[in-house]
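The values are calculated or read from the model by the stated rules, or taken from the named source; none is laboratory data. The model shown is predicted, which means the values in this text are computed figures rather than measured ones. Using ideal geometry, Cβ is built from the backbone for each residue, glycine included, and neighbour counts are taken over all protein chains shown. For accessibility, only protein heavy atoms count, side chains too; no ligands or nucleic acids. Shrake-Rupley method; radii C 1.70, N 1.55, O 1.52, S 1.80 Å.
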Amino acid sequence: MILDALASDVLFNISDEFYLQLSSILIKKKLGLTCRIAPGDGILPLEFQKFIVDSVNEAKKEGITIEEGFVVKPQKSLTYLYGAGRNIISKGIEHTCITCTNEFCSMRNIKIRGNFSN
């Protein structure tokens, strides 16, 4: 369970870093970037994961697939989209759990209890 939580944390940190780098590239082109829009988070239905995976040629090369119930394999994979445009103001962060509408997210159940030295 601890390794699973660590892997999720690493995955989300990498995703945040990707957002920052992509955002900085788009700012130079005078484009803003939306926050991550993930299937199943309330805006896009979960079924949209199949469209994303099928649309990305690199996914096929890396062996990323969609299983029954629209589950992404391998397990620690993310599918999401960004919006970009001249009228979009980048928020500076990719995702915030405070405004996330995904009621079923396992990260939502994690509570900060102070530092471990107490």
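Computed quantities for the displayed model
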| quantity | calculated |
| --- | --- |
| Hey, residue 41 open to solvent by less than 40 Å² (accessible area, probe 1.4 Å) and of a type in the set (Asp, Glu) or not | yes |
| Residue match in the range 105-114 (condition: modelled with pLDDT of 85 or more and not in a loop (DSSP other than H, G, I, E, B)) | no |
| Some residue of the range 72-81 being free of Cβ contacts under 8 Å to residues at least 12 places away in the same chain and not in a loop (DSSP other than H, G, I, E, B) | yes |
| Condition met for residue 67 (outside the structural domain of residue 2 (by the TED database), open to solvent by 50 Å² or more (accessible area, probe 1.4 Å) and modelled with pLDDT under 85) | no |
| Checking residue 30 against (1) basic (Lys, Arg); (2) buried (at least 16 other Cβ atoms within 10 Å of the Cβ); (3) modelled with pLDDT of 90 or more, the condition it does not meet | (2) |
| Flag for residue 51 being in contact (Cβ under 8 Å) with a residue 12 or more places away in the chain, closer than 21 Å to residue 84 by Cα and surrounded by 14 or more Cβ atoms within 10 Å (Cβ to Cβ) | no |
